[in-house]
Amino acid sequence: MGTVSEARGGPKLLDREGFLAVAMLMPAVLYIVFLVGIPFVMAVLFSFSDVSVGSPTIDRFTLETFNDVINDPVFRRSLQNSFVFTLFAQGLVLILATVLAILLNRNFRGKWIVRLLILLPWATPIAIGAINWLWLLDSVYSPLTWILREVGLIGAGALLGPRNVIWLGQETLAMASIIAIHVWRMLPLSTVIILAGLSSIPQDIQDAVQVDGASFLRGWFQVTLPLIRPILMVAMLFGIIFSFTDMTVVHVLTRGNPNNTTQVLASWAFYTGIEGGSLAKGAATAIFLMPVLLGVAILMLRVARRTEVR
Amino acid sequence: MAVVEIRQLYKAFGEVNAVNDVNLTIQEGEFLVLLGPSGSGKTSLLRMIAGLEKPTGGEIRIGGVVVNELPPRARKIAMVFQSYALYPHMTVYNNIAFPLRSVGMDRINIQTRVERAAKMFNIYHLLQRKPRQLSGGERQRVALARAVVREPDVFLLDEPLSNLDAKLRALARDELKQFQRQIGVTTVYVTHDQVEAMGMGDRVVVMNYGRVQQIGTPQALYRAPANTFVATFLGSPPMNLVEQDNCIIGFHPEHFLPKGIDQHMQSPITIPFEVTRVEYLGSERFLYGYVQGVGERTRVVSNIPSLVQLAIEAGRTYDFVADLHDLSYFDKMSGDRIAPVRLQIAQAAGV
Ligand SMILES: Nc1ncnc2c1ncn2[C@@H]1O[C@H](COP(=O)(O)OP(=O)(O)O)[C@@H](O)[C@H]1O
Ligand SMILES: [Mg+2]
C-alpha cells in the first residue's frame, strides 16, 4: 500500500483530498460571506432599526419601519407588480424559449444565423438595449408610432385614435413594455438552456419515438418534456430569481413612473433606501424578496438532488 | 409481413458514400443479415428502410409500395436499436404500450397485447420497473417486446446483441431466431459479428465501404466467397490466402489437414507446412505456420478437430493436404473470384 507515492517521496499536498476540497471551496465561501452574507445580515439589522443616510448608527431596534413600509401604498403596488412581472415574464419566456429551442433544434439552411440573431440580445449590455427600447417606445419619436400611423391605425378616425401612443405614460402599457423588454432579454439564455436539454436527448430515443409512430404532440409531451423537465425546472427557477430581484429594466425605462405604478420591490427598495436615504425602509422593503427567493432556492436544491440520485 | 425491395440505393453524407448502389430484395418472412465491418454502411441502410434517413438516390419498396417519402410511422416497421432506446422515465409496461397508444388503440386491447408480448419474452414480472432497474438482457427483451407488440410488417434490428456478454449473447441469438420463425416476420438484422450472421441469417449480405460484396446463404458465402474481402471477413480464423503468379488461392483452415486423415478428399494435393505454434482450444487445435510450396512463403493457419490425435510439434515441417475442390481462386488485382487455375506446387522444396 502506498508504494507508488512513497517511491516519489510521499504524497503531495495537492494529492490530499481534504486540502484540495478546502482550497477549491475557499474562494466561493469567501465570496459568499463578504459579498452576500454580511450585506444580508446588515440588511436584516437595518430593517429592524432606525438608520438613515443622515444617522448611519443603529440607536435602537424597532418594528416601526416594517409598519411604515407595509402601510405604504407604493410598497403594496410594488409587491403586486413584482409578482405580476415575474409570473408574466417567466411564463412568456418559458413558452417562447421552448418553441424557439424546438425550431432551432431542427436542421434547416441558415440555422447558425438565426441562432446568432437570437443570442444577440444576450450579448448586448442591458442598459444599451433598454435605451434602444426607450427610443422605440418614445411618445414623440417612436418608430412604432410612425409605423402605426403609416398603416393607418393612428390618425383621425382610426382604430387607436388620432394621437400618438404614449407607451410609457399609461400604467398597463408601461408595465407591458417592461415585461416585454425583460422577456426579450431573458429569452436567449432560456432558449440556450432548453436547447442544451433537447440535444442531450439521445438520437436513438428521438428515432424510437418516430418509429413507434408517435405524433409530434405525443412525442413532445410524453417523451421530450419529461426528459428535459429537470433542465426546464432549473431554467425556470433561475429565471424566477433573476426576474424577481431585477430592477434594471424598470430603472432605465420608467423609473417606476407613471406615478410609481410600475415600481417593483427591487426598484422601490433602491429608490427609498439609496436614493431616498431611508436605509431602514429600503432594507425592510428588500426583506420581502426573501420568502420567494428562499422557496425557489429550496426547490432548486431538490431538483439538483433528484437529478443526482438518478 | 412484406417483401422489401431496394433499388440502386445511395446515401451520401457530404463526401462519404455511406451506402453505394445497393440492390436487394428481402423475401417475405426471410431473416436477412447485413454483415460488414464498422462504417460499412449497415446502419445507414437500415435507417433508410426505417425512414429515419432520406436516401440520396434510389428507391425502397415495402410490400410493393414505394416508401421513400413516407415517415417511419406509415411504413409498418419496427426497429430495435443498439442502445435499445427505451424511454428511461417510463415503466416497462408503458414502454411497450407506447407504440400502441400512438396508433390510438383502446386500453383493454393495449393491456392484452402488452401482457402477451411480455409473457412471450419472459418479462411479465418486470412490467412495473423502470429501464434503469433492469439488466442488459432484460432491457434487450423489453426492446424486442416494444418492437413486436404492434405486429409490424418488417422488423429491423441494429446490432441488438452487441451490448450483451458472450454467454448471454449466444442464448439471446437462439431465442431471437426461434421467435422470428414463430411469428414469421420479414427481418433485417445488422451485425458486424460473422458468427451471428452465419448462425442466424437465412441469407447474409456482406457489405464493405457502402457496397454489397456478396449476397447468399451462409453456406454459399462460406464455400464460394465472391472476393478476398468476403473470404477474409468470414470464419475464425478466416480463409488462408496464398499468392501464386497473378492469382490468389484460398483455402479454409479446417480444410487444410495433416496427410493421412484425408480419406474423404476427392483430389488431395500435398503441401508442406512449417508449423511454428500450436494452440489447443479443447474442441480443436489451431496450427500456425508457413507454407512455401505454393508461391511465396506465406503465413497460414490450420484447424484440426480434436478427434485427430496426431502428434504435431512446433518447429517442424509436415506434409499437409487440401482438397482441390475446396480451393477458391481470386484475381490478384481486383480480388474477385475467378475460375480455377492450374496449380504448381513445389514438393518439399526447401526443407
Ligand atoms: N449522420 C451522419 N453524418 C455523417 N456521416 C455519417 C452519418 N452516419 C453515418 N455516417 C458515415 O457513413 C458511414 C457508414 O456509417 P454506418 O452506416 O453507421 O456504418 P455501420 O453501421 O456499418 O458501422 C461511416 O463512414 C460514417 O462515418
Ligand atoms: Mg452501425
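Applying 0.36 nm per residue to the separation of A:VAL114 and A:ARG255 and subtracting their alpha-carbon distance, the gain on full extension is 47.4 nm. Of the trypsin sites (Lys or Arg not before Pro) found in segment B:220-321, those in coil by DSSP whose Cβ has at most 13 other Cβ atoms within 10 Å are B:ARG297, B:ARG316.
What's the percent breakdown of Cα-Cα distances in segment A:175-257 across 10 Å bins, shortest bin first? Going from the shortest bin to the longest, the percentages are 16, 36, 24, 16, 8, 1.
Dividing the alpha-carbon radius of gyration of the protein assembly as shown by the rule-of-thumb value 2.2 N^0.38 Å gives 1.44.
Among the DSSP helices (H) of chain A, those spanning at least 24 angstrom by Cα along their long axis with an average Kyte-Doolittle hydropathy of 1.0 or more are A:73-105, A:171-199, A:225-244, A:290-309; this is a geometric and hydropathy rule only. Under the convention that each Lys and Arg Cβ holds +1 and each Asp and Glu Cβ holds -1, the size of the dipole of the protein assembly as shown around its Cα centre is about 1280 debye.
Projecting the Cα atoms of B:GLY260, B:VAL308, B:PHE273 onto the charge dipole of segment B:238-348, computed from C-beta unit charges around the Cα centre, puts B:PHE273 farthest toward the positive end. For chain B, the longest principal axis of the Cα atoms and the long axis of helix B:136-148 meet at an angle of about 60 degrees. In whole angstrom, note down how far apart the Cα centers of segment B:1-68 and segment B:184-224 are. So the two Cα centres are separated by 14 Å. Label-to-label distance, B:LEU310 versus B:ALA170, with points set 7 angstrom from Cα along the beta-carbon direction: 2.8 nm. Here the Gaussian network model covers chain B, with springs between Cα atoms less than 10 Å apart; of B:GLY289, B:GLY14, B:GLY235, B:GLY14 fluctuates the most. When the inverse distances between all different Cα atoms of chain B are averaged and flipped, the Kirkwood radius reads 22.6 angstrom.
In whole angstrom, note down how far apart the Cα centers of segment B:289-351 and segment B:113-182 are. Distance between centres, Cα-based: 44 Å. Under a 10 Å cutoff between Cα atoms, tell me which one of A:ASP246, A:ASP212, A:ASP50 has the largest fluctuation in the Gaussian network model of chain A. Sorting by GNM fluctuation, first place goes to A:ASP212. Largest first and in whole Å, the equivalent-ellipsoid semi-axes of chain A read 40, 36, 18, each the square root of five times a Cα gyration tensor eigenvalue.
Counting Cβ atoms of other protein chains within 10 Å of each Cβ in B:77-86 and taking the mean gives 4. With respect to chain B, whose longest principal axis is taken over its alpha-carbon atoms, helix B:92-102 is tilted by about 70°. Of the residues A:VAL51, A:VAL183, A:VAL151, the one that moves most in a GNM of chain A with alpha-carbon contacts below 10 Å is A:VAL151.
Scanning chain A for chymotrypsin sites (Phe, Trp or Tyr not before Pro) lying in DSSP loops with no more than 13 further Cβ atoms inside 10 Å, the longest uninterrupted stretch between such sites is A:142-310.
Angle of helix B:107-120 to the longest C-alpha principal axis of chain B, folded into 0 to 90 degrees and rounded to 10: 20°. Calculated [222 nm] ellipticity per residue, helices only, for chain B: -7000 deg cm²/dmol; basis is -39500 (n - 2.57) per DSSP H run with n ≥ 4, divided by all residues, nearest 500. Where only DSSP H runs of four or more residues are counted, chain A gives -21000 deg cm²/dmol as its mean residue ellipticity at 222 nm, each run worth -39500 (n - 2.57).
In plain terms, the chain from A:PHE216 to A:VAL84 could stretch by 44.3 nm, reckoned as 0.36 nm per residue minus the Cα-Cα distance. Remark: the B:TYR290-B:GLN8 segment gains 97.2 nm on full extension, using 0.36 nm per residue and subtracting the alpha carbon distance. Calculate the FRET efficiency for A:ASP15 and A:VAL44 from the Cβ-Cβ distance with a Förster distance of 56 Å, rounded to the nearest 0.05. It comes out at approximately 0.85.
No lab work stands behind these numbers, since they all come straight from the coordinates. Keep in mind that this is a model prediction, so the values were computed, not measured. Positions of Cβ are generated from backbone atoms using ideal geometry, with glycine treated the same way; all protein chains shown enter the neighbour counts.
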